[in-house]
Amino acid sequence: MTTLSDPIKNKNIIYVLIGGLVAIAILLLDISMPRGVPYGILYSSIFLISLFTKNKKSIYIGAITGTLLTIIGFFMSPPGVELWQVLTNRSLTILTIWTIATLCLFQYSNFEKMRAGQDELELSIYQRTSELNKSNAELEKESASVQLHKDIAIAANETKGLKITLELCLKKICTHAGWPVGHAYLLPDQTSSWLEPAKVWYLENPSRFDTFRKISEATPFGPGMGLPGRVLLSRKPEWIKDVTKDANFPRAQLAENIGVKAGFGFPLLIGKQVVGVMEFFSTKAAEPDRDMMKVMAEVGIQLGRTVERHWAEADIQSSNERLRKLYQRLEMIREEERTRIAREVHDELAQMLTTLKLELSLLDKKMVDDNAPLRNDTQMMLVLINNTIQTVKKIAMDLRPPILDDLGLHEAITWQGSEFEKRTGINFNFEVYSGNLELDIERSTTLFRIFQETLTNILRHAKAKNINATMKEKDGTVTLQVSDDGIGIKLDQTLDVKSLGLLGMRERALVWQGDVDIEGVHNQGTTVTINIQRV
Ligand SMILES: Nc1ncnc2c1ncn2[C@@H]1O[C@H](COP(=O)(O)OP(=O)(O)OP(=O)(O)O)[C@@H](O)[C@H]1O
Ligand SMILES: [Mg+2]
């Protein structure tokens, strides 16, 4: 203010000086000459000078001084002219001074009013502009947080693992807030009360924050301990202005310079349970930013849901894993049981029946010829025993063909296919291509059982006339392909969760990191391709 008003003040002083000098000069002129007609009018020039100051007070002073000097001059100047002329002259001077003064004052007051109006207008424009700027900044802030929520929602819905999702979110938040370091902690399980470093980071400059990263990754936090512990306890965002000066920031004591100053953390919440904490650091000390804390509290709820979803997915996955293991174990037990029963039926029952047959033949021979009706009975019994031996052998074969254990998969499939052909009249053709097809007994059993299931399906559903099967090995993968020329399986049937036979086939193959692909073409047939790893 002083700097602005000083030049005006200086200028006014100059006008006052000029005015004073002119006044003295005119007065001297006035009093040295006879009371003349023209001199009185000169006093108005003093007043005119005061107009340059553009100041109301100066105009009054100029007008009053001019008036007083006109009157003083009248009394002091030597006589010479007619009194009425002098009086008229001086009265007109005073009239001129006050007429101009009134007009000027009127104009100045209008000018001032106008200036006040303009000032008011400018003030209101200024206020409006700053209000507009403020709302604009708020709007920008709000739209940035909306964008952040959107980005977090997109990242959270990614079907990737939890750590990848958290990493993506850390990056988004750091970029949004302009903080160079972001790190996440998670509860190792739902019952735990300690936060473990998730070892998921956003680091603007990894080498610069290496010490801090190492220290953080080695430090778990209980309730109330350090920044994550405080968030865990309060279940609210927490802010530390300067971690190096904070009594409850253990990591600052572990190194001379951890490279960070202000710290901020917020909880990942499922309902009221804190399941994780995200923390962020800046290289400069900073006062709490309430708006940011509010936004991050909401982001924490959003991310809590993501953790919950991932936990649920992990639960489902582990329960699926357990079910799969159980299925595999049951299949193994079933196979062992089949092998044992097949062996017992074949070795013991068939053996006993053979002995019985021998004994009956001896008895038959011992009988005298005239005992014909009895011999008839023994002959009938012999036929019955023979049939029973065949049935028992067939049961044993069906349970577990010894050919699989003795001669291997190739022979077992050939045998099973020709048996199928004999029984059903559907042509069976089997070709084996080059490659290392030596498989252990477990893998052979898996392929053989899946093959049997495809034959059963063809018989039950395909209405086929021909079956073509091939087997080959390439790069450690053994592929058995069975094609029929029947009605063709539909796509929805291959994907139907109720197709338990197909599901069983897939589950069996999965044990050996394999898979089963089933494709059908309407009225042209179905092809089942089974891949398993040889070792
Ligand atoms: N070779 C095939 N040709 C035409 N349709 C087939 C063939 N194999 C399977 N399907 C169709 O796929 C469905 C599912 O087969 P899946 O083996 O899972 O069940 P299923 O044979 O009906 O019953 P099961 O559980 O006793 O095996 C069958 O019901 C049948 O409609
Ligand atoms: Mg089936």
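The values are calculated or read from the model by the stated rules, or taken from the named source; none is laboratory data. Here the structure is a predicted model, which means the values were calculated and not measured. Glycine also receives a Cβ, built like all others from the backbone with ideal geometry; neighbour counts cover every protein chain displayed.
Please tell me if Ala286 is within 30 Å of Ile154 (Cβ to Cβ), of a type in the set (A, V, I, L, M, F, W, C) and more than 16 Å from the chain's Cα centre (by Cα). Yes: the conditions hold for Ala286.
Does Glu473 satisfy the criteria of being at pLDDT below 95 and assigned to a strand (DSSP E or B)?
Details: at pLDDT below 95: yes; assigned to a strand (DSSP E or B): yes.
Judged against the criteria, Glu473 is a match.
For segment 214-235, what are the residues that are surrounded by fewer than 18 Cβ atoms within 10 Å (Cβ to Cβ), in a helix (DSSP H, G or I) and of a type outside the set (A, V, I, L, M)? Answer for segment 214-235, where residues must be surrounded by fewer than 18 Cβ atoms within 10 Å (Cβ to Cβ), in a helix (DSSP H, G or I) and of a type outside the set (A, V, I, L, M): Lys214, Glu217, Ser234.
Phe451: touching a helix residue (DSSP H, G or I) at 6+ places or on another chain (Cβ under 8 Å) and assigned to a strand (DSSP E or B), yes or no? Steps first, answer last, please.
Numbers: touching a helix residue (DSSP H, G or I) at 6+ places or on another chain (Cβ under 8 Å): yes; assigned to a strand (DSSP E or B): no.
No.
Give me a count of the residues in segment 43-60 that are hydrophobic (A, V, I, L, M, F, W, C) and closer than 13 Å to Thr102 by Cα. If you could, list the steps in order and put the result at the bottom.
In the first step, residues of segment 43-60 are kept if they are hydrophobic (A, V, I, L, M, F, W, C); the result is 46-49, 51-52, 59.
Checking which are closer than 13 Å to Thr102 by Cα leaves us with 47-48, 51, 59.
Counting residues in segment 43-60 that are hydrophobic (A, V, I, L, M, F, W, C) and closer than 13 Å to Thr102 by Cα gives 4.
Looking at segment 433-454, can you tell me whether even one residue there is touching a Ser or Thr at 6+ places or on another chain (Cβ under 8 Å), among the aliphatic types (A, V, I, L, M), closer than 21 Å to Leu502 by Cα and within 16 Å of ligand 2 (Cβ to nearest atom)?
Applying the first criterion (touching a Ser or Thr at 6+ places or on another chain (Cβ under 8 Å)) to segment 433-454 yields 433.
Now restrict to residues that are among the aliphatic types (A, V, I, L, M): none.
No, the conditions are met nowhere in segment 433-454.
Only one of the numbered conditions (1) under 20 Å from Met292 (Cα atoms); (2) more than 16 Å from the chain's Cα centre (by Cα) is violated by Leu187, and that is (1).
Scanning segment 520-533 for residues that are within 13 Å of ligand 1 (Cβ to nearest atom) and either free of Cβ contacts under 8 Å to residues at least 60 places away in the same chain or in contact with a Gly (Cβ under 8 Å, 6 or more places away or on another chain) (or both) yields Gly520, Val521, His522, Asn523, Gln524, Gly525, Thr526, Thr527, Thr529. Suppose we keep only residues that are under 29 Å from Lys325 (Cβ atoms) and charged (D, E, K, R) within segment 493-519. Which one would you say is farthest from ligand 1 (Cβ to nearest atom)? Among those residues, the one meeting the criterion is Asp515.
Residues in segment 470-478: is at least one over 29 Å from Glu321 (Cβ atoms) and either under 37 Å from the mean Cα position of the chain (by Cα) or within 10 Å of ligand 1 (Cβ to nearest atom) (or both)? No, segment 470-478 contains no residue that is over 29 Å from Glu321 (Cβ atoms) and either under 37 Å from the mean Cα position of the chain (by Cα) or within 10 Å of ligand 1 (Cβ to nearest atom) (or both).
Inspection of segment 514-523 identifies no residue that is more than 44 Å from the chain's Cα centre (by Cα) and within 13 Å of ligand 2 (Cβ to nearest atom).
The residue pairs whose first member lies in segment 469-486 and is assigned by TED's automatic domain parsing to the domain that holds Leu455 and under 15 Å from Asp517 (Cβ atoms), whose second member is of a type in the set (Phe, Trp, Tyr) and within 16 Å of ligand 2 (Cβ to nearest atom), and whose beta carbons are closer than 7 Å, counting only pairs six or more residues apart or on different chains, are Leu480/Phe451; Val482/Phe451.
Considering only residues in segment 368-404 that are free of Cβ contacts under 8 Å to residues at least 60 places away in the same chain and within 60 Å of the chain's Cα centre (by Cα), the one that is surrounded by the fewest Cβ atoms within 10 Å (Cβ to Cβ) turns out to be Asp398. Look at segment 449-460: where a residue is closer than 24 Å to Asn523 by Cβ and in contact (Cβ under 8 Å) with a residue 24 or more places away in the chain and a partner is within 9 Å of ligand 1 (Cβ to nearest atom) and assigned to a helix (DSSP H, G or I), sitting 6+ places away or on another chain with Cβ atoms under 9 Å, you get Glu453/Gly501; Glu453/Leu502; Glu453/Gly504; Glu453/Met505; Thr454/Met505; Thr456/Gly501; Asn457/Gly501; Asn457/Leu502.
Taking the listed residues Ile18, Ile31, the one that is within 24 Å of Leu87 (Cα to Cα), at pLDDT 70 or above, of a type in the set (A, V, I, L, M, F, W, C) and part of a helix (DSSP H, G or I) is Ile31, with no other qualifying. Of the residues making up segment 483-509, those that are assigned to a loop (DSSP other than H, G, I, E, B) and away from ligand 2 (no atom under 15 Å from the Cβ) are Asp485, Gly488.
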